[in-house]
Structure formats: C-alpha cells, structure tokens
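Everything on this sheet refers to the single structure shown next.
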Amino acid sequence: MNLPIGLVVAISFAYLALLFGIAWYGDRRARQGRSIISSPWVYALSIAVYCTAWTYFGSVGRASVEGVWFLPIYLGPMLAMILAWVVVRKMIRIAKTYRITSVADFIASRYGKNPVIAGLVTLITVVGIVPYIALQLKAISAGFGLLTGPSDPTLTEASVTWWQDSTLYMALALAGFIILFGTRHLDMTERHEGMVAAIAFESIIKLVAFLAVGLFVTYGMFNGLGDLFGRALNDPAIAQLMRFDHGATPHLYSQWFALILLAMLSVLFLPRQFQVMVVENVDERHLKRAAWVFPLYLFLINLFVLPIAIAGLIHFGPGQANPDLFVLSLPLAEGARWLALFVFIGGLSAATGMVIVESIAVSTMICNDLVMPALLKTRRFRHRRGGDLTRLLKSIRRLAIVGLLLLGYLYFFLAGDAYALVSIGLISFAAVAQFAPAALAGMYWKGATSAGVLTGLAIGFGLWVWTLMLPSIAKSGWIATGFLDHGPFGLALLKPEQFLGLSGLDPLTHSLFWSLAGNLIAFVVVSFYTRPGAREASQALLFVDVFDRSGGSEPVFWQGQARVDDLVKLSERFLGPDAARRLFAEHAADLGASSIAALEADARLVQRVETRLAGAIGSASARVMVASAVDEEPLEIDDVMRILEEASQLRAYSQALEDKSRSLEQATEKLKRANEQLKSLDRLKDDFMSSVTHELRTPLTSIRALTEMMRDDPDMPTEQRQEFLGIMVAESERLSRLVGQVLDLARIEAGHAEWHNSDVDMQAVVTQAVGSISSRFEDKGAVLEVRAGSHFKPIRADADRLIQVLLNLLSNALKVIPANCGRVVVDVVEDDDGVTVEVADNGPGISLEEQAEVFDKFRQVGDRDQHREGTGLGLPISRQIIEHFGGRMWVESEPGHGATFGFYLPRKQKDDSRAETQRLGERQ
Amino acid sequence: MKRARSSRLVALFCLGWLLFSFPVLSLWDRDVSLFGLPLFPLALFLLWAALIIALAWLMERGES
C-alpha cells in the first residue's frame, strides 16, 4: 500500500468540503452584491475548466505514445481565443440580452425558439458528453487505485478491477455534491457565482499540482530539461516522439488540422465552456484579459507534459506502466507520497471541475429543452394555472444530474477499458463540433433557416454515431464488429470507418470530415431552399444585429392582447412569487408607473416576461407558455418587416432628436460666447466714452476758468488778458485735435475711413515727414538722422496716412528726448517682402509693463508734463493704419537707453489678413 | 478603434493558423536540437508564446 485508503478518502472529502465552502462564500457575497468573481483573472481561471482529467492525466499518456500530438488540443483554443473578442463577445451580448442559458437554447432561440432544435441539440449533447463524464470517473478511479494500491506500478491495471464497484459510489457522491452545489437556490437564477469561484480555485490547484510534479520529475529525478531531452534523443524509440511524423501514416497534416479545428470548436461549444464563458460572464470587458490569460494557462499546464512523458518512459521502460498515470506513478516510485497525494488532489480538481460544470449545464438543458416541452405538451399541465413550479424545475434538474452521472458510470463500466483517456474525449469533441455551423452561421447569416439546421444537425449527428460512436462501442466488445469489417448487410461502401470508400484517415479525422461536411452542406443547401418563418426572421435580426440594438430602441416582435394579471400569474409559477414581483416592479420603475396595477400589458411587458421566463425554462418553453397565457395574434413575415421598420424609424427619430439637441447646444454655446464678447465690447465702449469725456473736460475746464476770470475782472491788465487768450487758443486747438482724432479712430475702426491708395515710394514718405517736423527738432537742439537706402520698390498704400504715422512717431520721440542733446534716428530697411521703418530715440525709455499698454487708447506713458500736448490716441491710430495695410507695429525699449518704435509693411497684402485686420478694427 | 482591433485580431488569427499548419510546420520538423532541446517541440512552444504575447498586446493596449 502506498497510502492508506482512509487517508486518501478523508483528504478527498475534505477537499470537496473546502470547494463547497468557497462556493457558499461566493454565493453569499453575490447576494450581498459584492461579487468575488467579478475579475478578468477569475473569469480566465474559470474558463480553464477546459483542462479536465483528460488534460491532467491524458496529455502525458498521449505524449508518451504520440509525442507532440497532444498539442493540437491546446493550439486550437489558442487560435479560437484570438477571435474571442469578435465571436465570444457577440455570443455573450446575445446571451445576456435574451437571457440564454445554454448552447441548446442559443441555437434554438436563434431559429425561432424552435423546441425541436433545442431537443435535438440537447440529445446530441447528452449522447456526446456521457463518454466525457465517464472519462473523468475513470481517471479518478484509476488514480485512486494507483495511489492506494500496491507500490509496483506495473500491477496497476489489474488492481483497478476490485475498485471498480466503488466508482459507482464515487459517481453518486459526486452527484450529491453537485446537487448541493448547483441547484440549491430557491430562486431560479441562471448564474452560479459560487460555482464559478470554486471552479477558478480548482483551476489554480490543478495548475500548481501539475507544475509541482513537472518540476519534481525534471529537476528532482533528472538533472533538468537538458539531461532529460539528451537521454530521450539517445533512445531512437523516444526520440521519434519529438518529431511531427513519427510513424509512416499518410495524411498526417489533415489529422493535425482536424485536431486543431476540433479543439477550436469545442472550446466554444462544449456545454461547460459555454456555461463559464458566456452564461457566467459578469462583464464582457473581462474577455479582453481572459482572451490571452486562458491561452497562457494552457501554455503553462502543457510545459511539463513532454518531460513527464519522457521521464516515465525512461524510468519504467516502454509499455511497463500505464502512461496515463505517469504523473502519479513517478513521484510514488521515488517515494514522494505526499507529492503524489497533492497530484491526486490536482487530478481530482480537474475531474470534479469538469463534472460539476458539465452536469449543471447539461441538466439545465435536459430540464428546459427535453423535459419541459414534454410536460407542456400534456394538457393538464398547460392549463393548470397558478401553483409554484420552481420546486418541480429544481427536482427535474437534480434527477438529470444523477441520471447523467449514472450514465457516465455505465459507459465507464461498459467501454472504459477499451480506450485511452484522450480517445474518449475526442469522441465527445466531435459530437459537440456539430453545433458549430448552426451557431456560428446563426450569428452572422440572416438567411440560415431552422429547416437547414435540423437537416444539418440530423445528418451530422447520424454520421457521427455511425462513423465514430458505434465503432467505439463495437471495439469495446458490446456489439458485434462485423459491420466494421464488411459494412452493414455486406455493403462495403457504408463501412463506418471507410465511409464511401474513404480510407487512409484515422477514425477521428474520418468521422469529423464526414459529419461536419454532411452537416454543413445540408445546412447551407436546405437554408437556401427554405424560407424562414416570421418568428425565425425576427430572431435572426435580433441575433445578427445585436450590437446595433443596444439601448431602448430594439424592436418588439409581438402583437396581441394580454392582461397584466395573467402575466403575473405566469411569472409566479415559474420564477417564484418574489422574483416575479421584482420583475414587475422593475418594469413599473422603468416606465415611471406608480404601481404594478397601473401597468399596461403591452408588447414590451410581454417580451420582458418572456425573456425572464426564458432564463428559467429556456426560450422555447417560455414561448409556449407565454403564447398559452395571452391572446396572441399570429406574427406574419409582413408584420416582422413592419415592426422592424417602425423600430428603425423610431431609432432614426431619436437619432435626429439627439442631433438636433446637440446642434442646439452648440448654438447656445455660440450665442453665449457672442454675448460675452458683446458685453466686453460694451465695457470697452463705456471706458472709451469716459476717457474721451475726461480728456475733453480738462481743456474745457481751463478755458471756462480763464473766461470767467476775464468776465469778472474788467480791469485785468492787457498783458494778462493776452496771455489768458493765448492759453485759451492752445486749449481749443487741443480740443479740436482731440475731437478730430476720436472721429478718425472711430472711422478707421468702423471701416468707414477713406483710403486713397496709390503706389507709394517709402523714401519720399520719410523725406516729407522729416521735412515737416525737422524745424521743431532744431528748436529743441536735437539731431534727426535718416538712414535710408534709395530706390525702394513701391508699396501699395495711402501716402498721407503713412506720413501721419511717421509724424506721430517723430513727435512722440521729440517729446521724450532731452533738450539740446536729443538724438532721433529713422531707419528704413527693405527686404523681399516689405519695408521696415524704425524710429529710435535717446529718451528715458519705457518699462516693460508700460510697453504692453502703450498702444492702448488714452494711455500716455512717461512724465505727466509731457501729457499736456498729447491726446493718447496717436499710437492707437497709427497701429490701426499699419494693420489696415496688413503690417504690424511694435515697441522695443530698455529703461534708460531710449525706445524704438517700428512698423513693418508687407509689399503684398494678403486678402484674408486684410479682412482680418478689418474685422479686428471693427471689434475694438 | 473597435473596427481596427477586430481586423487586427482576424489578421493575427490567420497568421496563427498559418504558423500551425502545413507547410510552415514542416520547417521545424527536423532532427536538430537547440540548447539540448529538440527543435520541433521547442519551436511549437516558442510560436505559441509569441502568439500569446501578440494577443495580449492587442487586447491590453488602447482604450481601457
């Protein structure tokens, strides 16, 4: 004895109890709304339920016989997951929107909620999946036998025999555990958070255990990978396992292709994969990470498969021990009993994980798609109103679970010894692959019809039974093998493994080719020649365009009369009173109705009830029940078109409304901005007005004061009178100059100024300006120097205005330069594009802050004494003029070192820059 | 962006399919070992790892 039986049994049950605890905790957290499975990592780990005992034990077994050929089973899912974001996301969206709970429901719902399709898919699943469950039982039982049996591994096969009866009890114990696990909820929900948590935990255990034994074998028993492979390559029998083509079998590549394709389809459509990947998905964004984490998981769990297989072959010698159990027998042979026990628990994880999810998924299918339709056919059941049926539903599912495990045991008992683990699993894969055409085409091709699906499935399933299932039973010795060798009734063409004379392929590839090809061709051809009914057409639209219909505008394909009361009763029957009440309360809340009684039984409510019922009893049964409870008008294909058109019109309206409100928002925003601008312009205008009036008042005040003094004092001496009159004349001149400039500025800004454009010679302009002001420079004892070349190219501008600008700059300079040692330089430089004029003085200069506002209106900088002569409008006007011609004006200065005012005039004025300046002018 | 990701995924799928089928597969199927490891299984695992990395890169970058 390697390990005492009692210990192994106790630890196994302790492990199951731990799983149950995790599930219980997961469910409790889900009820509190604090899900522990809402994470892409947990989601990815739960998808790893793909790795069953078949992977755990069988991969090594396969690798030790066929070498690298264990890999396609995992490369297929790798490739499938690349497309998960495209395909699986659509499956998730469809399943969530229409409350689809199984792969049978998915296909049936797409083809008009057809109960016959649902039944057929379920039937295929049950027949196909039973061997797979048997495989798990076989693995656990064989592992258990090895672990507790005699220490010589060569006797393992014989020692299993006495244990076989106990496998039955093990199956029953598992069934009880699953019933506790998956169907204990009183409220019927299609999702099982606790189960997912437990499955994710199991995935960790099996990965860690497998890596542990891999490391132990590679680095404990051998000196690493190099040593192991070195010894393998020295042995020709083992070395050929490292090659693709290790036998002389033809058509190897088609086998490889078939295995990858098979695994790809299985990872999507195996009932347990559909359950964890689609039904139990919490958030479709989790798929983004799970899509690569799940392949990574597969990668890791496969890393040590070849090393363990090689180690087993080297250690025990070829054919001396069951290679399926190398993971256990190798540590046992080294006396590492606790590691072996841990590895066994890992295998138990792999097997129980599969059996739990598979039987929950399949029992739901059996209940919803086989038993319910049969029950609904009986008159008594359909017409019995009221009464809570949730208990009945649960009982059906529990019975189905027990039935499934017993069937699995039966298969194990009958055929279990005939095949290695991997072969059994592939039989199941090939059955499930039959769903692929119907399900995949259903998501993308609106023309697929239920008649096509039924024909395709029937032909595919029939060929699968004939070419794969029956031969496997025959080879186990339970039916005569005569038909294998000679064909039925001596018809050699119909031989199961050389169908229509096709030979050379291995049985699996052969069967997969015939069943999938027959299925696909029948499906497509019949679909072409049949017309979908109204219900089918509407479901096709809902499935194919599921991404276009999120939001409240999806069409409701139902017409007739219903009473809220009937709907409530119906829901209570199948959902239980609490869930039913919640359903109607939600609907009332969505519509803003005050109470359930105020609800109107319109198409939308009927659809909501039907969808919710579909979650509990499947869409086909839900359809039948709703039809029996309300007064329906039959749906014609014209109605479907009409409803679709109404929905798309509604969508177009809401789209238009949205567009309109968006453009209104934009218009409002624009108006607001314009208003702000107007306000600030208004403020500017007020400032301008107050500045102007202030500037006007100063000279007026002094004129008034002087005239009053002259009026009140008739005896004023003549000299003083003359002096006063002189001041009054000067102030009046300043007034009229001010008024003139204000008018000028206003005209330019409003765009009403008159411009007399001609070809201007810049040199002439400068000469004229300097000539008219030079006498004032002489009066002040200052030097005015002009540095200008000759022969300037003409510029299109108004000469008088340019002279005005220059005079302004020169007179400003004149004001600031010191008496007797002042110096002003006028620089005129021409380049290809235009002319730059700069007027530099040696006055006190302008500080940086003042430079910023020197072009503002009424802003005079420098000493207050100098202000008397200016109006504060000269520079703003000058800048307006320069900008009118498309140029710009600036000031450069360093306090203490004078100031330089300059402007630049382009020779070619761009039209838009001109328009821009025009507009700027209007705005200021 | 969503469109672009879908088409990239389809392209990666085609690449993966190509890498794991005839005749590309036969490139590695020879009696050679690299770092003491037989070439064929090593190549399969390396290609597999590369596909996982490419897929992770496509899925994880962009909008979160």
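Observations, loosely collected:
- Residue in segment A:708-721 that is assigned to a helix (DSSP H, G or I), at pLDDT below 85, surrounded by 14 or more Cβ atoms within 10 Å (Cβ to Cβ) and not aliphatic (A, V, I, L, M) present: no
- When segment A:658-694 is limited to residues that are at pLDDT 90 or above and among the small types (Gly, Ala, Ser), the one that is nearest to A:Leu745 (Cα to Cα) turns out to be A:Ala674.
- Members of segment B:28-49 found to be small (Gly, Ala, Ser) and more than 27 Å from A:Trp292 (Cα to Cα), listed by number: B:Ser33, B:Gly36
- Residue in segment B:24-58 that is nearest to the other protein chains (Cβ to nearest Cβ), counting only those that are in contact (Cβ under 8 Å) with a residue 12 or more places away in the chain and more than 29 Å from A:Asp227 (Cα to Cα): B:Leu55
- Checking each residue in segment A:428-454 for being out of contact with any Asp or Glu (no Cβ under 7 Å at 6 or more places or on another chain) and outside any helix (DSSP H, G or I) picks out A:Ala433, A:Gln434, A:Trp445, A:Lys446, A:Gly447, A:Ala448.
- A:Ala580 being of a type in the set (Gly, Ala, Ser) and in a helix (DSSP H, G or I): yes
- Matching option when the condition is at pLDDT below 85 and either outside the structural domain of A:Pro72 (by TED's automatic domain parsing) or not aromatic (Phe, Trp, Tyr) (or both), among A:Leu303, A:Leu252, A:Leu261: A:Leu252
Residues are listed down the side, and each one gets a yes or a no for (1) assigned to a helix (DSSP H, G or I); (2) under 15 Å from A:Arg879 (Cα atoms):
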residue	(1), (2)
A:Ser736	yes, no
A:Ala753	no, yes
A:Gln768	yes, no
A:Ser775	yes, no
A:Leu784	no, no
A:Val805	yes, yes
A:Leu810	yes, yes
A:Pro818	no, no
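- When every residue of segment B:10-19 is checked against the conditions, none turns out to be assigned to a strand (DSSP E or B) and more than 9 Å from chain A (Cβ to nearest Cβ).
- Qualifying residue in segment A:52-74 (condition: among the hydroxyl-bearing types (Ser, Thr, Tyr), over 22 Å from the mean Cα position of the chain (by Cα), more than 14 Å from every other protein chain (Cβ to nearest Cβ) and in a helix (DSSP H, G or I)): yes
- Residue identified as crowded, with 20+ Cβ neighbours inside 10 Å and not aromatic (Phe, Trp, Tyr) among A:Val825, A:Val829, A:Val835: A:Val835
- Every condition in (1) in contact with a helix residue (DSSP H, G or I) (Cβ under 6 Å, 6 or more places away or on another chain); (2) closer than 22 Å to A:Leu583 by Cα; (3) at pLDDT below 80 is met by A:Ala603 except one, and the failing one is (1).
- Answer residue from segment A:75-96, given it is in contact (Cβ under 8 Å) with a residue 12 or more places away in the chain and at the interface with chain B (Cβ under 8 Å from one of its Cβ atoms) and is nearest to A:Ala263 (Cα to Cα) among those: A:Leu75
- Filtering B:Phe40, B:Phe13, B:Phe22 for residues that are under 12 Å from the mean Cα position of the chain (by Cα) and not aliphatic (A, V, I, L, M) leaves a single hit, B:Phe13.
- Of all residues making up segment A:2-29, the number that are farther than 15 Å from A:Trp338 by Cβ and outside any helix (DSSP H, G or I): 0
- Identity of the residue in segment A:262-300, among the β-branched types (Val, Ile, Thr) and away from chain B (no Cβ under 14 Å), that ends up surrounded by the fewest Cβ atoms within 10 Å (Cβ to Cβ): A:Val282
- For beta carbons closer than 8 Å, sequence separation of 6+ or different chains, a first residue in segment A:838-860 that is assigned by TED's automatic domain parsing to the domain that holds A:Pro876 and at positive phi and a second that is surrounded by fewer than 17 Cβ atoms within 10 Å (Cβ to Cβ) and small (Gly, Ala, Ser), the qualifying pairs are A:Gly845/A:Gly896.
- Segment A:883-923: number of residues that are part of a loop (DSSP other than H, G, I, E, B), surrounded by 14 or more Cβ atoms within 10 Å (Cβ to Cβ) and either modelled with pLDDT under 50 or touching a Leu at 6+ places or on another chain (Cβ under 9 Å) (or both): 3
- Test for A:Glu358: is it in the same structural domain as A:Ala63 (by TED's automatic domain parsing), acidic (Asp, Glu) and under 30 Å from A:Val279 (Cα atoms): yes
- Tally, over segment A:561-602, of residues that are buried (at least 18 other Cβ atoms within 10 Å of the Cβ) and under 27 Å from A:Arg31 (Cα atoms): 14
- From A:Gly504, A:Gly518, residue being surrounded by fewer than 16 Cβ atoms within 10 Å (Cβ to Cβ) and either closer than 25 Å to A:Glu633 by Cα or touching a residue at least 40 places away in the same chain (Cβ under 8 Å) (or both): A:Gly504
- Selection count, segment A:455-490, where residues are within 15 Å of A:Leu520 (Cα to Cα) and crowded, with 20+ Cβ neighbours inside 10 Å: 8
The values are calculated or read from the model by the stated rules, or taken from the named source; none is laboratory data. These numbers come from a predicted model, not from an experiment. Cβ sites come from the backbone with ideal geometry, for glycine too, and all protein chains shown count toward neighbours.
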